[in-house]
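These notes are about the structure you will find just below.
Quick note: the coordinates plus some simple rules give every number you see, no bench work behind them. Remember, it's a predicted structure, so these values are computed and weren't measured experimentally. With ideal geometry, Cβ positions are generated from the backbone for all residues, glycine too; neighbour counts draw on all protein chains shown.
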Amino acid sequence: MLKISYTPILFMLLTALFSAIGQIFFKHGSDQVGTTISSWLLNYYLIVGLMIHGIGFYFMISAFKYANLSIIYPVLATSYIWVAIFSSILLKEKIQSLQWFGMFAIVFGIFLILKK
């Protein structure tokens, strides 16, 4: 059995979390973009979303230093779960039962990969 440190797993979980937060900012920013380049480049929400993604990028690169890519990269799929939860809380989107099942399947799949 392959022994894996918890550090890269934690870093990838942080990457997923920051990615999901960035997506929420992108969603808010998308309401304000238009056909002009300035509506994109001067959009507060898009800029903040990119900065938050940048923090996640730092954690991802750090994680890559400590573990095999094929083992830790699937942890990034937890971003789908974070996005669903944040969308439910912040955007008042309803999570359907099939979505909950899908999130459970993601967690189970990651668990299987990490237990390899």
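Show me the trypsin sites (Lys or Arg not before Pro) within region 13-93 that DSSP assigns to loop and that have at most 11 other Cβ atoms within 10 Å of their Cβ.
Values: sites: LYS27, LYS65, LYS92; in loops: LYS65, LYS92.
Those that pass, being in a loop and sparsely packed, are LYS65, LYS92.
Only helices enter the 222 nm calculation for the chain: every DSSP H run of n ≥ 4 contributes -39,500 (n - 2.57), and dividing by all residues gives -24000 deg cm²/dmol, rounded to 500. Count the lysine pairs in the chain whose Cα atoms sit under 24 Å apart, keeping only pairs 8 or more residues apart in sequence or on different chains. Within the chain, the lysine pair count is 7. For a quick check of your reading of the filter: which chymotrypsin sites (Phe, Trp or Tyr not before Pro) in region 26-115 sit in a DSSP loop and have no more than 16 other Cβ atoms within 10 Å? Listed in order of number, the matching sites are TYR66. Sequentially through region 49-64, phi angles give Karplus couplings (6.51, -1.76, 1.60; θ = phi - 60°) of x, 5, 5, 5, 4, x, 5, x, 4, 4, 5, 5, 4, 4, 5, 4 Hz, Gly and Pro residues having no value and appearing as x.
The structure-derived value of Kirkwood radius over Cα pairs in Å appears in the list [x] 15.4; [y] 22.8; [z] 14.2 under the label [x]. Label-to-label distance, PHE57 versus LYS94, with points set 7 angstrom from Cα along the beta-carbon direction: 3.8 nm. Between the Cα long axis of helix 6-30 and the first principal axis of the chain there is an angle of about 20°, rounded to the nearest 10.
Ranking SER70, SER30, SER97 by Cα position along the charge dipole of the chain, where only Lys, Arg, Asp and Glu carry charges on their C-beta atoms, puts SER70 farthest toward the positive end.
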